[in-house]
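I have placed the structure first, in the form of structure tokens, so that the comments after it can refer back to it.
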Amino acid sequence: MEIQRLVVDEPQSTFTLDLHAGLTVAFHQDPALRSRCIAALLHALGPGSAGHHLELIDNDQRHLVVFRPRSGAAQVIDIDHEREVTEEFRTSDGVDLLSWVGVSQESAPDRLRLGAGAFEHGLHRGTEEHLLARRLAALDQGELWAAAEAVVISNARLAEAHSDLPGHDLAEVEALARRAELHDHSENRRREHRPVTRIGPVLTVICILIGLVLTAGRDRLGDNTFTATALFVLAAAAAAITVGDRCVVWRSARRERAAWASHGVTHVDRLTATVGPLADPCRREGLSEANEVKRTALAHWEAFTNAAPLPWALSTRERIEALAGRQLELHRRDVPPLAIEDRLTAVGAQMLLDRVHELRDLGPRRERVPLLLDDPFTGATPAEVRQLLETVHHLASYHQILLVTGDPHIQAWATQSPAAASVQFVPLGALPAIPRR
């Protein structure tokens, strides 16, 4: 809806506030009067009381007047069609436009209004998480959730791969798998060295025996000193190779036993019992592959999202997708990007963007409701206020905003800056107090 006029009619005075379709800046130095202005508008949007009248245009472009006379029942009139449509807006409390758009009277001040200090304290009100949601919303949503799904699937496959493995700690399971791999490596080394282990001693003995025979029978067999010496040398070489080979096998076995001992295993049979299914090399290969798939998926997620926490992203997915949709709408409307470097100011700008888009799609009728800014820039520097006002000005090009303030810098901006041509500046006068219900 677009509110065109608020009228508060009291016996001794009448207050009228005409609102621009875009941005209206209502100014007064008295903070109590400014707060009453916002309260009066919220009161008129709700069940209201006698003397609180509204003129507005709804999303169906109906020109409506909410009339609450001093005597008689409240009425809602469709001016263009000259007919009464009160029943559309009637509740047990009376004519209530807030209920019509799906907002309770209790939640309306928080949903429609941003008050004093909202931006000053933004960083201390969960805004870090809010900024992370906006950062993820700015990414390609298809690729973002595909990357998230890849991590989830890889986690599930990895959990299935080690579902019947000993222990629940994957690091412990992998450590046991490494022990089993070490045992396989030792066994392979022993198999590789087995020919030398078997043939080396036999060759040594044969060479020595033949050399001894040739030496002892040199009178009968002739002078075979060279041949016997060569055989002795060959025997020595064979013996040296055999000893070296035995040392290699021994060192491998010692490393294996040390690895077993770190897990309290003293024998390979106990190792197999401890490792369980991981004693099977194929099973270990499957686990290793599942681990690698998970690492790849997680690395892609962290690189794409700058290490955003995945569980939080999944739990906040609906909000992130909604923010992405709002950013897309903003892009389609050609709202210029904001060059804001100050972190606090950037937080304020994003809060404004999000609040506007939340108010553009309320209730089952998907009605839009004006944003009410009740001197929200308290604590900001003049430079920060100027940047935030640029954001407000951009948003007001397609959403109605009422800014109530007592800041002379905002007054100067609304009356003297280049933006003043598209801003309605209203000096506030006396305003009656809002009656208690």
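Readers should treat all values here as calculations from the given coordinates under stated rules, not as data from a laboratory. This structure is a prediction, so every number in the text was calculated from the model and none was measured. Cβ coordinates were reconstructed from backbone atoms using ideal geometry, including for glycine residues, and neighbour counts include every protein chain displayed.
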Inter-label distance for residue 299 and residue 110, nm, one decimal - labels placed 7 Å from Cα along Cα-to-Cβ: 4.5
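Which of the peptides 359-372, 37-50, 61-74, 1-14 is most tightly packed, and how do the rest follow, judged by the mean count of other Cβ atoms within 10 Å per residue? Don't skip to the answer; put the middle values down first.
Values: 359-372: 18.1, 37-50: 21.4, 61-74: 14.9, 1-14: 16.6.
Top to bottom by mean Cβ count within 10 Å: 37-50, 359-372, 1-14, 61-74.
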What distance in nm separates the simple spin-label points at residue 75 and residue 306, each placed 7 Å from Cα in the Cβ direction? 5.8
As an exercise, use a Förster radius of 51 Å and the Cβ-Cβ distance of residue 314 and residue 33 to find the FRET efficiency, rounded to the nearest 0.05. 0.60
